[in-house]
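The values are calculated or read from the model by the stated rules, or taken from the named source; none is laboratory data. Remember, predicted model here, so these are calculated numbers, not experimental data. So basically every Cβ, Gly included, is an ideal-geometry build from the backbone, and we count neighbours across all protein chains shown. These area figures cover heavy atoms from the full protein model, side chains too; ligands, DNA and RNA do not enter into them. Shrake-Rupley method; radii C 1.70, N 1.55, O 1.52, S 1.80 Å.
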Amino acid sequence: FLTASWTGCSICRGSSTHLRPCPPFHLVPGREFSDSFLDGMQHLSRAHAGGLSGSCARRLLRIASPPAACTKTAAAATTASATAPKMMRPMFTVESRSANFKKELATLRAKAMAGGGQKGIDKQHKGNKLTARERLEVLLDEGSFLEYDQLMEHRCTDFGMDKKKMPGDSVVTGQGEIDGRRVFVYSQDATVNGGTLSEVHAKKICKVLDKAVNTGTPIIGLNDSGGARIQEGVDSLAGYAEIFQRNVLASGVVPQLAVIMGACAGGAVYSPAIMDFVVMVEDTSHMFITGPAVLKTVTSEVVTMEELGGAKTHSSISGGATLTCANDIDALLKVRELFGYLPLSNKKLPPRRFAQDSRERQAASLEYVIPEKPNVAYRMHDVIEQVVDSESFLEVQPTFAKNIIVGFARLEGRSVGIVGNQPAYTAGCLDINASCKAARFVRFCDAFSIPLITFVDVPGFLPGKDQEHGGIMKHGAKLLYAFAEATVPKLTVITRKAYGGAYDVMASKHLRGDINLAWPSSEIAVMGAKGAVQVLYKTKDFTPEEVEHKIHDYEELFANPLCAARRGFIDDIVEPRNTRKRLCQELDTLFDKDLKNPW
């Protein structure tokens, strides 16, 4: 029947102007009070009357005056209470109760912010790793992070887990901004129960994944976990499956980026594997389904964690890592850079940045980049970097399948996807790894409306028993399918060789290429001149001079782009120095391209 905070005058109903607030005691009608209480109320009322308006003071004194019925009832109650045992009545108000709650809430929030405590934080720093919250501070714009579910706790009571509860559990989730663009994030906290995934941990991640899809916002996950929390048994396994399901539903809808900054073992690896890009930190991050200890027990194979699932292994051998970085800060800054090329969802266009690099810039050095001898290698990077905006090319998977290049760049500030054969490695031949690498990249760009620019110098598919047995037909078809399926603007530049089936696969006009250009140095044919002559003629019946003459004749016919140009298989033959300007012009034309595949 008391209220401890003054929110307005219930006596005068706000009709009078007060010199100071009304006394914070409001009587509840129908309640019976003791004489001592009513006397006290009268005393307080008179004490405050000097600060009240006349009408309000009289109203308060009248309400506080005890009616006769109240006095009689109070006297009877006093007599009865004299014989009853004395009980201490709790002396508290709503205000004190609120203060206690606020204090408790502040304590819980502070505990959540501290994670596993100073000991755990020191361990992270000693291992050259940032804490979960420190990582978010580096990744996101300053002051933009909004946290969700900071007070959630696990519910497991087995194996002493009831004594290991921590607000927020072992993951920090929320939303923030990168260069002013919204992103949902989760950051696993290895200082809390080793960052292991519990039922609550999974629910927190699932919530931000759901929000990301529902709002058309990218998701970035910072992984540093010991795997499933075995104390929770199947609840933990169910949590992983819930996350995987959402990764699948988000695929092609919003960009998904994973950063491996510690351990990522067992079933946990499948979430990053489904996501679009995976960044690993050298020396401190590891991904594997089965760890070295289990491997030794089962197969007697002795291998280190770095050899089995380190950043170098996944970036150059398995292809599981998109980029590798020296430390946590470098990795997070690289993610910010990569994020800048991507749209927020498949319903949005990629961002366009201000570009100082004019389309009129001519790259004279491109006139000399192609060697005179067709079998001499050169770096396709030299071509790409001269054509796109200055210092805008970001290569992904640079150390895996080096015979093909994929990455993001800008043309007059527009985000574009780059695919290019690399003659400096295996002459630029397509093999299993190159096909899978490029196919996945092409399909990502197609899903998120990023135009594709393809630079072609390919002598064919890599021959050999290993390739045939490994499934080069199946995997090569993935790249063919990706280019053929893509409906985004597709611009192709043939710089030198375009032989055989590989010519078809590399975004040819026959796969709905929008603009197909060729340099004067290009050769579009079924195969190279020497091989063609060996098939067409029984060279053993000719002298070496005659063989050379026939090779020369074949080159005159096919070692140039004229034959393809006459048939409309290429749209134009351009000088290398003018390639940038022509691509910018064509990209403007294709900006409103609207092509849909049949259902």
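So the values come out like this:
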quantity: Failed item in (1) assigned to a helix (DSSP H, G or I); (2) surrounded by fewer than 16 Cβ atoms within 10 Å (Cβ to Cβ); (3) in contact (Cβ under 8 Å) with a residue 60 or more places away in the chain, with ASN128 passing the rest; calculated: (1)
quantity: Positions within region 366-400 being assigned to a loop (DSSP other than H, G, I, E, B) and within 30 Å of LEU257 (Cα to Cα), in sequence order; calculated: ARG379, VAL388, ASP389, SER390, GLU391, SER392, PHE393, GLN397, PRO398, THR399, PHE400
quantity: Residue in region 555-562 that is touching a residue at least 24 places away in the same chain (Cβ under 8 Å) and under 44 Å from the mean Cα position of the chain (by Cα) present; calculated: yes
quantity: LEU411 buried (at least 23 other Cβ atoms within 10 Å of the Cβ), farther than 26 Å from SER318 by Cα and in contact with a helix residue (DSSP H, G or I) (Cβ under 6 Å, 6 or more places away or on another chain); calculated: yes
quantity: Failed condition for GLU242, given (1) within 28 Å of LEU130 (Cα to Cα); (2) in contact with a Ser or Thr (Cβ under 7 Å, 6 or more places away or on another chain); calculated: (2)
quantity: Whichever residue in region 291-305 is open to solvent by 60 Å² or more (accessible area, probe 1.4 Å) and in contact with a helix residue (DSSP H, G or I) (Cβ under 9 Å, 6 or more places away or on another chain) and, among such residues, is farthest from GLY127 (Cα to Cα); calculated: GLU301
quantity: The lone exception for ASN516 - which of (1) farther than 22 Å from ALA424 by Cα; (2) in a loop (DSSP other than H, G, I, E, B) it fails; calculated: (2)
quantity: Within region 98-125, tally of residues that are at pLDDT 85 or above, buried (at least 17 other Cβ atoms within 10 Å of the Cβ) and among the aliphatic types (A, V, I, L, M); calculated: 1
quantity: Single residue of region 256-283 satisfying the filter (of a type in the set (D, E, K, R) and touching a strand residue (DSSP E or B) at 6+ places or on another chain (Cβ under 7 Å)) that is surrounded by the fewest Cβ atoms within 10 Å (Cβ to Cβ); calculated: GLU282
quantity: Filter result for ILE205 (touching a strand residue (DSSP E or B) at 6+ places or on another chain (Cβ under 6 Å), β-branched (Val, Ile, Thr) and touching a residue at least 12 places away in the same chain (Cβ under 8 Å)); calculated: yes
quantity: Selection from region 384-407 of residues that are within 22 Å of ASP431 (Cα to Cα) and open to solvent by less than 50 Å² (accessible area, probe 1.4 Å); calculated: ILE384, GLU395, VAL396, GLN397, PHE400, ALA401, ASN403, ILE404, ILE405, VAL406, GLY407
quantity: Every residue from region 480-510 that is surrounded by fewer than 21 Cβ atoms within 10 Å (Cβ to Cβ) and not in a helix (DSSP H, G or I); calculated: THR487, VAL488
quantity: Test set (1) open to solvent by 10 Å² or more (accessible area, probe 1.4 Å); (2) outside any helix (DSSP H, G or I) - ASP210 fails condition number; calculated: (2)
quantity: One residue from ARG182, ARG155 being open to solvent by 10 Å² or more (accessible area, probe 1.4 Å), under 30 Å from LYS347 (Cβ atoms) and not in a helix (DSSP H, G or I); calculated: ARG182
quantity: Among residues of region 198-212, those that are hydrophobic (A, V, I, L, M, F, W, C) and at pLDDT below 95, counted; calculated: 2
quantity: Filtered residue count, region 306-354, keeping only those that are outside any helix (DSSP H, G or I), touching a strand residue (DSSP E or B) at 6+ places or on another chain (Cβ under 9 Å) and open to solvent by less than 20 Å² (accessible area, probe 1.4 Å); calculated: 9
quantity: Region 81-97 - residue that is among the hydroxyl-bearing types (Ser, Thr, Tyr) and not in a loop (DSSP other than H, G, I, E, B) and, of those, modelled with the highest pLDDT; calculated: SER96
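The rows are residues; the columns are (1) at pLDDT 95 or above; (2) farther than 18 Å from ILE405 by Cβ.
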{"site": "SER316", "(1), (2)": "yes, no"}
{"site": "GLY340", "(1), (2)": "yes, yes"}
{"site": "PRO351", "(1), (2)": "no, yes"}
{"site": "PHE354", "(1), (2)": "no, yes"}
{"site": "SER358", "(1), (2)": "no, yes"}
{"site": "ARG361", "(1), (2)": "no, yes"}
{"site": "TYR378", "(1), (2)": "yes, no"}
